[in-house]
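Notes follow the structure.
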Amino acid sequence: MQGAWPLILDLLIALSGALLLGLLAERLRINSIIGYLIAGAVAGPSVLGLIEQGEAVSAIAEVGVALLLFTIGLEFSWKRLIKMGRTGLLGGVVTITVTLLVVLATCLAFGMSIQAAVVLGAAASLSSTAIVLRVMRQRNDLDTTHGRHALALLLMQDIAVVPLVLIVTFVSQGGSDVWSQVGVAVVKTVALVVGLVIFVSQVVPRLLDERIVARNRELPIILAIVTCVGATWAAHELKISPALGAFFAGILLAESKFSAQMRADVLPLRTLFVTLFFVSVGLTADLPWMGQNIVLVLAVSAGIMTLKTLATYFSLRPFTNGVIEVLAAALAVSQIGEFSFVLLNIGRESTVINDEIFQLFISVTMVTLLMTPLLTGRATKTARYLAIRFIPNRKLATEEKEAHPDPIKDHVIIIGYGEAGQATCESLTESGTKRLVIDLSPKVIHRAEQNGLTGLIGDATSAEILEHAHIQAAKAVLVAMSDHNISRMVVGQAKSLAPHVPVVVRSRYQVHAGELDMIGGDHVVDEEGLVGEKLASKILEIVVPNFSVDQKEDTSDTISPSKHDGYI
């Protein structure tokens, strides 16, 4: 047990450094991931040497990448992946192939061996799924056209990790049985997918009994983690990409009714492990060497980012419309990604690439990753700037008139589908308003879908669930739950994500109405006040038979003192 304490200390140092430099990065209005990378570089052996068990930290960090791809898989189904087939499959393959070949040719021109050129070309062809998706998720760009293109390319690159690892391993070891190795890898991958399909289709439905989940909502979280880590371990044991195993597990669970809630609940764990991953990336960097060779590092970085942008742009153009959106996607994936470290390590351990070349590409990867949050966040603006200057105006205008599919918008989000929520939905039916219902109960969501509504199983106190419901594009949000504490958290979360969207909230008791108003409820429906007015109306009908409607309205302020500005 004593041997575990040094590792715990290293994890504490890594997370503490990530926290401090992440906060500093946010204060400087740059992405916190940059702070995590710098924290690893500063704490690593090249500067302070505070972390001794860097390999152990890196091994733990691999779980973070697996969790990231697991949550990405939860967002997709096989049908959705097939729909993005041409963009993801063909565009991704062409981008990877062109980048690999150009880098390979360039390395050969500089006198490198064919083995080293293949390793470096393969490493350069991959982009950063972790950073690009995190930035796009923070900016709500995943449902934009360029966001979908970038995501399709990134998923294709993640899938391509398996053959690229096989190719790099083959050329590094100088083996001659490449086809047998590929065949074995394909068989292992198929076996893993079949096992996951059986587990998800046969075992999961029996484990996730709706009555049990209704009593204990922690069980889907545990099932999600067990499935993710189990698929990751199985892939590792089969000598294929662990992250790919987690990704397949996520895709299969995406068909489950609990997928949105699973993704939201796994988010804190994923954040922890992904943070460790970026710190571990920083550990491999040699900052003094980078400083001494900064001109070379920046030149190679600019060359690779330019190459990947052009390769991606021309690979996507035959399959999609919209110059600006395609160029924005190309800019977003122009960096060297986290899985490239796996390929570079294989090349270094087999002595195919020497320490000098390894450190150059590690430094270049660091620079491109540091540029990614800025470039991805401003991808559309940068793409528009470049398009206006390099593409004829008439051609650009024609291209941009092409229609792009829009995410759900101008809808009303109903949180809680009890009697009040159902009554509201029925009242909105004749208006033709699009309605999306969020509720934790699968049975309730099934009832809503039977009534022709869009349903989402999840906890509306989670930002992930509200973003999945496209709250930023909604016309209004109705919080129809009776639980005051949950309503208060939902209102606060909704207003923090979309302060421009009106929120109507139900207050079961008058004493809570003021608090809901203060926390951001635009219209608070005071249930006790409404009941009081109705009771008073009935009493007046009995004791004052000739009492007119006008008289009732005139005396309503005295009969229902709870009625005041801000409440309905």
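Given the condition in a loop (DSSP other than H, G, I, E, B) and under 16 Å from GLU419 (Cβ atoms), answer yes or no: does some residue in region 455-478 qualify? The answer is no; no qualifying residue exists.
None of THR312, THR306 is touching a residue at least 60 places away in the same chain (Cβ under 8 Å) and assigned to a helix (DSSP H, G or I) except THR312. For region 482-509, filtering for residues that are crowded, with 20+ Cβ neighbours inside 10 Å, more than 18 Å from GLU464 (Cβ to Cβ) and of a type outside the set (Ser, Thr, Tyr) leaves 4.
Rundown of residues vs (1) under 28 Å from LEU142 (Cβ atoms); (2) outside the structural domain of LEU219 (by TED's automatic domain parsing); (3) in a helix (DSSP H, G or I), yes/no style:
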site	(1), (2), (3)
THR424	no, yes, yes
GLY452	yes, yes, no
SER482	no, yes, no
LYS495	yes, yes, yes
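Note on region 237-255: among residues that are modelled with pLDDT under 75 and surrounded by fewer than 21 Cβ atoms within 10 Å (Cβ to Cβ), the one that is nearest to ALA191 (Cα to Cα) is LYS239. Among the residues of region 501-519, the one identified as part of a strand (DSSP E or B) and of a type in the set (Ser, Thr, Tyr) is SER507. Number of residues in region 266-314 that are within 21 Å of ALA150 (Cα to Cα) and modelled with pLDDT of 85 or more equals 14. Looking only at residues in region 431-458 that are among the charged types (D, E, K, R) and crowded, with 20+ Cβ neighbours inside 10 Å, the one that is farthest from the chain's Cα centre (by Cα) is ARG435.
The values are calculated or read from the model by the stated rules, or taken from the named source; none is laboratory data. It should be emphasised that the depicted structure is a prediction, and the values quoted were computed from it without experimental measurement. Cβ sites come from the backbone with ideal geometry, for glycine too, and all protein chains shown count toward neighbours.
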